[in-house]
Structures are given as C-alpha cells and as structure tokens.
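Please read the structure below before turning to the comments.
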C-alpha cells in the first residue's frame with residue numbers, strides 16, 4: 001500500500017509501524033486484531049484522494065483514517081508538495097537522505 005500511495009503521488013512519505021493490537025467494538029462484539037499503523041504524509045490538496053485510494057486498497061470494510069493538520073518546516077513542506085504533484089524538485093534532497101544522496105542507514 002505504501003509504495004502504491006507514493007508512486008501515485010498521493011503521499012510524499014509513508015511510515016509503517018510494527019504490528020499493534022487494536023481492541024474495538026464491531027457488529028455488536030468486542031474484537032481485537034493485529035494491525036499495522038501507516039502514517040501518510042501528504043499535501044492538503046491530496047487528502048481526499050489519499051483517503052479514497054487508501055480505502056479501496058484496504059481489506060477492511062471500514063478502515064481507520066485519521067487526518068491531523070500539522071505544520072512542517074518550509075523546506076519539508078516544499079519537498080512534500082513537489083513529491084505529491086508534478087512539480088519538479090531537482091536538487092532537493094529527500095528528507096531522510098544525507099547530502100550525498102544516501103538514505104540514512106545506507107552507505108553511499
């Protein structure tokens with residue numbers, strides 16, 4: 001799902017958590033399930049399209065989608081907007097890359 005959302009320019013970055021156990025009421029019963037949390041970072045103009053696409057990709061009848069408005073540094077906001085549109089972003093480094101171009105944890 002993460003790669004799809006990024007390749008379709010609906011998200012600039014998607015972070016996945018380790019599995020968590022969710023407890024909830026569904027169809028009159030208390031349930032629990034092992035789930036993964038995805039945090040999707042996107043431009044405000046892409047929120048509705050991201051929600052719609054994520055809902056079609058998710059196997060649940062009612063996947064959880066929570067939208068939180070957040071401020072970001074101006075450089076990160078410019079990068080995220082470029083990553084979710086067709087705007088060129090040559091010369092910009094991804095937020096988790098070193099200036100040499102290698103992602104953190106990778107060797108260049």
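The values are calculated or read from the model by the stated rules, or taken from the named source; none is laboratory data. Model, not experiment: these values are computed from the prediction. Don't worry about glycine lacking a Cβ; one is built from the backbone with ideal geometry, like all the others, and counts go over all protein chains shown.
Would you say residue 11 is surrounded by 12 or more Cβ atoms within 10 Å (Cβ to Cβ) and in a loop (DSSP other than H, G, I, E, B)?
Spelling it out, residue 11 is indeed surrounded by 12 or more Cβ atoms within 10 Å (Cβ to Cβ) and in a loop (DSSP other than H, G, I, E, B).
Results for (1) at pLDDT 85 or above; (2) in contact with a helix residue (DSSP H, G or I) (Cβ under 6 Å, 6 or more places away or on another chain); (3) part of a loop (DSSP other than H, G, I, E, B); (4) closer than 16 Å to residue 11 by Cβ, shown as yes or no for each residue.
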{"position": "59", "(1), (2), (3), (4)": "yes, no, yes, no"}
{"position": "62", "(1), (2), (3), (4)": "yes, no, yes, no"}
{"position": "65", "(1), (2), (3), (4)": "yes, yes, yes, yes"}
{"position": "70", "(1), (2), (3), (4)": "yes, no, yes, yes"}
{"position": "77", "(1), (2), (3), (4)": "yes, no, no, yes"}
{"position": "81", "(1), (2), (3), (4)": "yes, no, no, yes"}
{"position": "95", "(1), (2), (3), (4)": "no, yes, yes, yes"}
{"position": "99", "(1), (2), (3), (4)": "no, no, yes, no"}
{"position": "107", "(1), (2), (3), (4)": "no, no, yes, no"}
